[in-house]
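Notes follow once the structure below has been shown.
Throughout, read-outs are computed from the coordinates displayed, never taken from laboratory work. Computed from a predicted structure; not experimentally measured. In this analysis, Cβ positions are derived from the backbone assuming ideal geometry, glycine residues included, and neighbour counts consider all displayed protein chains.
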Amino acid sequence: MNYFLAITFAVYFAANFPAQPINALENKNTNVNAAKSFQVTQDKFLLNSAGTISLQGYLGNKIDLCIENRIKTQDGDYLVEPFRHREETKNWQTEFWGKWICSAAGAYRYTHDPVLLKIIKNSVFSLVNTQTKEGYIGNYADSSHLEEWDIWGRKYTLLGLLACYSVDEDKNILQAAVHLADYLISEIGPGKKNIVKKGNYRGMPSSSVLEPIVLLYNQTGEKRFLDFAKYIVKMWESPDGPQLISKSLAGIDVAERFPHPRVWNSWENGEKAYEMMSCYEGLLELYRVTSEPSYLEAVEKTVENIIATEINIAGSGASLECWYHGQKNQIYSSYCLMETCVTMTWMKLCDNLLRLTGNPIYADQIEKSTYNALLASMKSDGSTFAKYTPLEGSKNIDGGQCGMDINCCIANGPRAFVMLPDFAVMKSEDGIVVNLFCQSETRIYLDSTNVLTLQQITDYPVSDSVIMKVSIQKDAEFSLALRIPSWSKVNTLLVNGKPLDNIKAGTYKIIKRVWKNGDIINLKFDMHCRVEKLDHHYALVRGPIVLARDSRAGEGYVDETSEIQMGDESCRLIANDVKPQKVWMSFTIPLTLGSDREKKDKNKLIHFYDFASAGDFEDYSVRYKVWQNETIDIRKLH
């Protein structure tokens, strides 16, 4: 489920599961009539009401900058303009509006900013006014309908319309989405065109329209949308399809599902990362409606495989936008590494699985991506995004696409940032779930007369400690589930000064008690520096933060070999109070540089910065490097 439809589904759960101990009173601005009771499988974790959380500190400030300087400054009419000229034959301009408006709706859910609401309303009605009498909203010529990226663009238009409907209940918006979907159904299906033969990449971009089709079914209950969704999945498993279920259940790596393509950007390439994950997002929505176990199993097994073989140390992956066994190959330079669209979609898919299953592994992945790949992709003022963010080299702001001054990642990156408030604190059947540690305040109605405020006081992950203060009108019994990151092996947890035991890494520590006003929770994590090694390379990680050597420190070549003066498992970092401008965290660590062990000054304190701060978007001469070349000591070779 998409974060930008969070309002819809938060209301859905509150309306349909009143027996839950914690029922948030819906904000007056939520869409109280939007969702219907068509979902069969209930999520383990539920969204809180809109506007109930405020994120502050470093991460909260970055979210604010993204909203103010990227989302709100976008000229919406400029993104609608291509829809007014139906002459396109191959490009994807129409995705930009859908991605941007989804981020605007997510930002409005978080802030309830009336300026954002006005922006959303003005833009969606400009778009709806381009719809033809047949129902088409797009920019492709009549003779090129369904080709290349046309259906992909329609997908994002549908998602955008549904996002707008979640914050503005005008039935004309929903009707436009219905009319657009019906027109697609009139062109695609049995006896018509085959969806997996349209567009590139084994039909994955086109058939990822599955997601909004199922969400539209949830809104309307119209069986034709459910039937069309089932048709799409059936076509996946045809000889021409991407076989997203059968190949996953067979345990085939995502990078090896089809032969290496003769032409990279073509229909025969079946490893396109972003579009593959988008299809699985739709499959999860269909699982919620049908409870077909193979659907969930296929997504979980694929995500397990992506974690095991593709996601790199910074929480993203893909080269040239395709899976390529990226985990073992991440120490090497490769073209077009870590597309921001891949990062965002990976986070979104993990968030979807987290809510559906309650498995903390997905929350760990989101944290890893957030603090590394995502933050690294955004310019420090939040105004734009890099298309690719390599693990070494320099940072670059890429230009526009399709003849426009925006590209897919500039449009898509903000969606991940506005997802984070909903991810941070969720609800479960028994209580509250804290996924993200960040200076914040969350306000939740336990019932109609009792409001809980949970305040986090912390500069995590700079420090290792989080203090949580409970403010509550009346004593209440519920469970508070705290995510214990998988990287934190030694943890301490106190409630009102009394220690709790059994604080295991990679789990939720569930504290069930009668909570009282003024209760205080103290949580401390294991922030020792970890050394990751891979084929005579090493990288430094502190908590969730990946570190990188940066040429701004003026300490020689970042590409030279080095050896850490430490044991095999840990090292001691020294935190630096003095940092370059725009650097969040700075540390030093003793290294032996180069291959000459006889140098008198061979052991030097070398600076490392957090990966998100490494490099400089405004100075391409600045070089950084995550994976350090290890000087080989033949005495240690086996």
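Quick look at the values:
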quantity	calculated
Calculated FRET efficiency for the pair Asn517/Glu81, C-beta based, R₀ 45 Å, to 0.05	0.25
Label point distance in nm, Asn265-Tyr335, each placed 7 Å from Cα along Cα→Cβ	1.1 nm
Spin-label model distance (nm) - Ser465 vs Asp227, 7 Å beyond Cα toward Cβ	6.4 nm
Residues in the stretch 120-164 reached by a label modelled at Thr89 [backbone nitrogen below 12 Å; 7 Å Cα→Cβ]	141-145
Charge dipole magnitude, Cβ of K and R +1, D and E -1 - the stretch 426-480, Cα centre, debye nearest 20	160 debye
Asp113/Arg635 FRET efficiency (R0 41 Å; Cβ-Cβ; nearest 0.05)	0.10
Length released on extending from Thr449 to Asn129, taking residue separation times 0.36 nm less the Cα-Cα span	110.7 nm
Along each principal axis, Cα extent of the stretch 311-392, largest first, Å	35, 33, 16
In order through the stretch 446-453: 3J(HN,Hα) via Karplus (6.51 cos²θ - 1.76 cosθ + 1.60), integer Hz, x for Gly, Pro	6, 7, 5, 10, 9, 10, 9, 10
Normalised contact order of the stretch 248-355, rounded percent, pairs of Cα under 8 Å and 6 or more residues apart	29 percent
Relative exposure of His536, His528, His607, judged by other C-beta atoms within 10 Å (fewest first)	His536, His528, His607
Computed magnitude of the charge dipole of the stretch 449-524 (debye, nearest 20; Cβ of K, R +1, Cβ of D, E -1)	180 debye
Burial order of peptide ranges 336-349, 216-229 (average beta-carbon count within 10 Å, highest first)	336-349, 216-229
Size-normalised alpha-carbon gyration radius of the chain, reference 2.2 N^0.38 Å	0.96
Order of Tyr136, Tyr58 - criterion: other Cβ atoms within 10 Å of each residue's Cβ, fewest first	Tyr58, Tyr136
Over the stretch 449-524, relative contact order from alpha-carbon pairs under 8 Å, at least 6 apart, %	37 percent
Bridge type composition, the stretch 3-427 - antiparallel percent by DSSP, nearest 5	75 percent
Neighbour-count order for Lys379, Lys99, fewest beta carbons within 10 angstrom listed first	Lys379, Lys99
Residue among Gly199, Pro242, Ile53 farthest towards the positive dipole end of the chain, charges placed on Cβ	Ile53
By average C-beta atoms within 10 angstrom, highest first, the peptides 502-512, 612-622	612-622, 502-512
Rg ratio (alpha-carbon, reference 2.2 N^0.38 Å) - the stretch 529-636	1.03
Debye equation applied to the C-alpha atoms of the stretch 449-524, log10 I(q)/I(0) at 0.27 Å⁻¹	-1.41
Helix-only CD estimate at 222 nm, as mean residue ellipticity for the chain, using -39500 (n - 2.57) per DSSP H run (n ≥ 4)	-10500 deg cm²/dmol
Among Leu534, Leu573, Tyr620 - extreme Cα towards positive end, dipole of the stretch 529-636, charges at beta-carbon	Leu573
Label-point separation in nm, Asp535 to Arg572, each point 7 Å along Cα→Cβ	3.4 nm
Given charges at Cβ of Lys, Arg, Asp, Glu: the stretch 244-329 dipole, positive-most of Asn312, Asn265, Ala298	Asn265
For Ile606, distant residues with modelled amide H under 5 Å away	Ile589, Leu591
Cα-centred dipole magnitude for the stretch 148-207, charges only on beta-carbon of K, R (+1) and D, E (-1), debye, nearest 20	440 debye
Mean separation of Cα contacts under 8 Å (6+ apart) over length of the stretch 503-634, as relative contact order %	29 percent
Centroid-to-centroid separation of the stretch 248-278 and the stretch 200-242 [C-alpha atoms, Å]	18 Å
